[in-house]
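Here is the structure we will look at.
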Amino acid sequence: MSESEGAEDFNTTKVVCTVATKLVFEGRCWKFGDHIPTDMITPTHIMFKTAKEMAAFVLETVNPDFPKHVKPGDILVAGRNFGCSSGRALAAKALQATGIGAVVAELFSRTFYRNGHEIGLPLLEAKGIHALVEDGERLRVDIRAGTLENLSSGKTLQSRAPSPFLLEMLASGGLIPLLKSGSFFAGVAR
(Lines give C-alpha, C1' and ligand atoms only; values in the text may rest on other atoms or scores of the structure.)
Protein backbone atom coordinates (compact mmCIF):
# COMPACT_ATOMS: atom_id res chain seq x y z
CA MET A 1 0.00 0.00 0.00
CA SER A 2 1.48 3.36 -0.95
CA GLU A 3 1.56 6.24 1.50
CA SER A 4 -1.17 8.11 -0.37
CA GLU A 5 -3.67 5.23 -0.61
CA GLY A 6 -6.54 4.93 1.82
CA ALA A 7 -6.51 2.27 4.49
CA GLU A 8 -8.95 -0.54 3.67
CA ASP A 9 -8.77 -2.57 6.87
CA PHE A 10 -10.69 -1.01 9.77
CA ASN A 11 -7.86 -1.88 12.17
CA THR A 12 -5.16 -0.42 9.95
CA THR A 13 -3.91 3.03 10.76
CA LYS A 14 -1.64 5.16 8.69
CA VAL A 15 -0.33 8.65 8.37
CA VAL A 16 -1.68 9.89 5.06
CA CYS A 17 0.97 12.59 4.75
CA THR A 18 4.06 13.33 6.76
CA VAL A 19 4.10 16.22 9.23
CA ALA A 20 6.48 18.13 6.97
CA THR A 21 3.86 18.24 4.19
CA LYS A 22 0.11 18.55 4.52
CA LEU A 23 -0.46 17.56 8.17
CA VAL A 24 -3.17 15.04 7.25
CA PHE A 25 -3.73 12.01 9.48
CA GLU A 26 -6.08 9.07 9.27
CA GLY A 27 -6.63 6.45 11.92
CA ARG A 28 -8.66 4.93 14.70
CA CYS A 29 -10.38 7.37 17.04
CA TRP A 30 -9.56 7.05 20.74
CA LYS A 31 -12.26 9.10 22.48
CA PHE A 32 -11.81 10.66 25.93
CA GLY A 33 -14.00 13.01 27.95
CA ASP A 34 -13.69 16.48 29.46
CA HIS A 35 -11.08 17.73 31.92
CA ILE A 36 -8.37 15.09 31.41
CA PRO A 37 -5.43 16.42 33.46
CA THR A 38 -1.79 15.88 32.63
CA ASP A 39 -1.59 13.78 35.82
CA MET A 40 -3.90 11.23 34.14
CA ILE A 41 -2.00 11.40 30.85
CA THR A 42 1.31 10.73 32.62
CA PRO A 43 0.82 9.47 36.19
CA THR A 44 3.47 10.31 38.79
CA HIS A 45 4.93 6.79 38.87
CA ILE A 46 6.21 7.14 35.28
CA MET A 47 7.66 10.65 35.43
CA PHE A 48 11.31 9.61 35.57
CA LYS A 49 11.18 7.29 32.60
CA THR A 50 12.04 8.12 29.00
CA ALA A 51 9.21 9.29 26.76
CA LYS A 52 9.24 5.91 25.00
CA GLU A 53 8.95 4.10 28.35
CA MET A 54 6.16 6.47 29.46
CA ALA A 55 4.20 5.69 26.29
CA ALA A 56 3.47 2.22 27.69
CA PHE A 57 1.44 3.85 30.51
CA VAL A 58 -0.12 6.94 28.87
CA LEU A 59 -3.77 7.41 29.88
CA GLU A 60 -3.85 3.92 31.45
CA THR A 61 -6.02 5.11 34.36
CA VAL A 62 -8.65 6.48 31.95
CA ASN A 63 -8.57 3.70 29.34
CA PRO A 64 -6.26 0.73 30.07
CA ASP A 65 -6.53 -0.39 26.42
CA PHE A 66 -5.08 2.85 25.07
CA PRO A 67 -1.38 2.31 25.86
CA LYS A 68 -1.65 -1.36 24.90
CA HIS A 69 -3.37 -0.93 21.53
CA VAL A 70 -2.75 2.60 20.23
CA LYS A 71 -1.06 2.51 16.82
CA PRO A 72 1.03 5.09 14.99
CA GLY A 73 -1.26 7.55 13.23
CA ASP A 74 -4.29 6.97 15.46
CA ILE A 75 -6.26 10.07 16.46
CA LEU A 76 -6.96 11.01 20.08
CA VAL A 77 -10.23 12.93 20.51
CA ALA A 78 -11.08 14.69 23.76
CA GLY A 79 -13.68 17.00 25.17
CA ARG A 80 -13.03 20.32 26.87
CA ASN A 81 -9.92 21.30 28.83
CA PHE A 82 -7.67 18.44 27.70
CA GLY A 83 -4.27 18.56 29.42
CA CYS A 84 -5.43 20.70 32.34
CA SER A 85 -3.87 20.83 35.81
CA SER A 86 -0.09 20.92 36.04
CA GLY A 87 2.10 22.24 33.25
CA ARG A 88 3.65 18.79 32.91
CA ALA A 89 5.40 19.13 29.53
CA LEU A 90 6.21 15.42 29.60
CA ALA A 91 2.53 14.62 29.06
CA ALA A 92 2.70 15.88 25.46
CA LYS A 93 6.04 14.12 24.89
CA ALA A 94 4.67 10.82 26.21
CA LEU A 95 1.60 11.10 23.96
CA GLN A 96 3.85 11.86 21.00
CA ALA A 97 5.96 8.79 21.85
CA THR A 98 2.87 6.56 21.38
CA GLY A 99 2.99 7.50 17.70
CA ILE A 100 -0.41 9.18 17.86
CA GLY A 101 -1.02 11.11 14.63
CA ALA A 102 -2.90 14.04 16.12
CA VAL A 103 -4.85 15.13 19.17
CA VAL A 104 -8.18 16.85 18.54
CA ALA A 105 -10.16 18.38 21.38
CA GLU A 106 -13.10 20.66 21.93
CA LEU A 107 -10.66 22.84 23.88
CA PHE A 108 -7.11 22.35 25.20
CA SER A 109 -5.59 23.71 28.36
CA ARG A 110 -3.47 26.63 27.17
CA THR A 111 -0.29 25.17 28.69
CA PHE A 112 -0.81 21.78 27.03
CA TYR A 113 -1.60 23.51 23.71
CA ARG A 114 1.68 25.42 23.89
CA ASN A 115 3.69 22.37 25.00
CA GLY A 116 2.25 20.20 22.22
CA HIS A 117 3.11 22.63 19.46
CA GLU A 118 6.58 23.25 20.87
CA ILE A 119 7.46 19.56 20.44
CA GLY A 120 5.70 19.18 17.09
CA LEU A 121 2.64 17.24 18.29
CA PRO A 122 -0.22 18.01 15.87
CA LEU A 123 -3.13 19.53 17.80
CA LEU A 124 -6.45 20.85 16.56
CA GLU A 125 -9.25 22.52 18.50
CA ALA A 126 -12.59 21.62 16.97
CA LYS A 127 -15.85 22.52 18.65
CA GLY A 128 -18.31 19.70 17.96
CA ILE A 129 -15.69 16.93 17.56
CA HIS A 130 -16.90 15.03 20.61
CA ALA A 131 -20.37 14.62 19.07
CA LEU A 132 -18.94 13.74 15.63
CA VAL A 133 -17.14 10.51 16.58
CA GLU A 134 -17.36 7.45 18.76
CA ASP A 135 -14.45 5.49 20.13
CA GLY A 136 -13.09 3.07 17.53
CA GLU A 137 -14.42 4.87 14.45
CA ARG A 138 -12.02 5.94 11.70
CA LEU A 139 -11.22 9.62 11.45
CA ARG A 140 -9.31 11.78 8.98
CA VAL A 141 -7.88 15.05 10.28
CA ASP A 142 -6.36 17.79 8.14
CA ILE A 143 -4.64 20.13 10.59
CA ARG A 144 -3.68 22.73 7.97
CA ALA A 145 -7.24 22.98 6.58
CA GLY A 146 -8.93 22.51 9.97
CA THR A 147 -11.16 19.76 8.57
CA LEU A 148 -12.27 16.51 10.16
CA GLU A 149 -14.07 13.62 8.55
CA ASN A 150 -15.57 10.64 10.34
CA LEU A 151 -14.80 7.95 7.75
CA SER A 152 -17.13 5.51 9.52
CA SER A 153 -20.24 7.72 9.41
CA GLY A 154 -19.40 10.16 6.61
CA LYS A 155 -19.97 13.17 8.88
CA THR A 156 -17.63 16.15 8.55
CA LEU A 157 -16.67 19.15 10.66
CA GLN A 158 -14.87 22.39 9.82
CA SER A 159 -12.81 24.01 12.54
CA ARG A 160 -10.31 26.85 12.61
CA ALA A 161 -6.78 25.78 11.70
CA PRO A 162 -3.87 26.78 13.94
CA SER A 163 -2.12 30.05 13.10
CA PRO A 164 0.46 30.13 10.28
CA PHE A 165 3.21 30.37 12.92
CA LEU A 166 1.98 27.21 14.72
CA LEU A 167 1.56 25.39 11.39
CA GLU A 168 5.14 26.25 10.46
CA MET A 169 6.28 25.06 13.89
CA LEU A 170 4.46 21.73 13.37
CA ALA A 171 5.84 21.34 9.84
CA SER A 172 9.34 21.93 11.23
CA GLY A 173 8.89 19.31 13.95
CA GLY A 174 8.60 21.74 16.86
CA LEU A 175 10.01 25.00 18.16
CA ILE A 176 13.70 24.04 18.34
CA PRO A 177 13.80 22.65 14.77
CA LEU A 178 11.94 25.78 13.59
CA LEU A 179 14.48 28.07 15.25
CA LYS A 180 17.40 26.03 13.92
CA SER A 181 15.99 26.20 10.38
CA GLY A 182 15.84 29.99 10.47
CA SER A 183 12.83 29.84 8.14
CA PHE A 184 10.57 31.78 10.48
CA PHE A 185 13.02 34.65 10.60
CA ALA A 186 13.78 34.73 6.86
CA GLY A 187 11.58 37.79 6.23
CA VAL A 188 12.39 39.63 9.47
CA ALA A 189 14.70 42.65 9.27
CA ARG A 190 17.78 42.28 11.45
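The values are calculated or read from the model by the stated rules, or taken from the named source; none is laboratory data. Since the structure is predicted, the reported quantities are computational estimates derived from the model, not experimental observations. Reconstructed Cβ throughout: ideal geometry from the backbone, glycine too, with neighbour counts over all protein chains shown. When the accessible area is computed, the model is the full protein with side chains, heavy atoms only, and any ligands, DNA or RNA have been set aside. Shrake-Rupley method; radii C 1.70, N 1.55, O 1.52, S 1.80 Å.
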May I ask you to say which residue of LEU76, LEU59 is of a type in the set (A, V, I, L, M, F, W, C), at positive phi and within 16 Å of the chain's Cα centre (by Cα)? LEU59
Looking at the structure I just gave you, is LEU139 closer than 25 Å to ASP65 by Cβ, open to solvent by 60 Å² or more (accessible area, probe 1.4 Å) and at pLDDT 95 or above? no
Please work out which residue is nearest to TYR113 (Cα to Cα), limiting yourself to the stretch 153-190 and to residues that are loosely packed, with under 15 Cβ neighbours inside 10 Å, at pLDDT 90 or above and hydroxyl-bearing (Ser, Thr, Tyr). SER163
Looking at the stretch 121-131, which of its residues are in contact (Cβ under 8 Å) with a residue 40 or more places away in the chain, over 19 Å from GLN96 (Cβ atoms) and either touching a Leu at 6+ places or on another chain (Cβ under 7 Å) or open to solvent by less than 50 Å² (accessible area, probe 1.4 Å) (or both)? ILE129
Condition met for ARG110 (without any contact (Cβ under 8 Å) to a residue 60 or more places away in the chain, surrounded by 17 or more Cβ atoms within 10 Å (Cβ to Cβ) and under 25 Å from PHE66 (Cα atoms)): no
By residue number, the members of the stretch 24-76 that are basic (Lys, Arg) and at pLDDT 95 or above are ARG28, LYS31, LYS68, LYS71
Condition first: open to solvent by less than 60 Å² (accessible area, probe 1.4 Å) and charged (D, E, K, R). Now tell me which residues in the stretch 68-99 satisfy that. ASP74, ARG88
Taking ALA105 as meeting all but one of (1) at pLDDT below 95; (2) touching a helix residue (DSSP H, G or I) at 6+ places or on another chain (Cβ under 8 Å); (3) not β-branched (Val, Ile, Thr), write down the number of the exception. (1)
Output the number of the condition that GLU26 fails; it satisfies all remaining conditions of (1) open to solvent by 30 Å² or more (accessible area, probe 1.4 Å); (2) closer than 23 Å to GLY146 by Cα. (1)
Can GLY146 be described as without any contact (Cβ under 8 Å) to a residue 24 or more places away in the chain and surrounded by 15 or more Cβ atoms within 10 Å (Cβ to Cβ)? yes
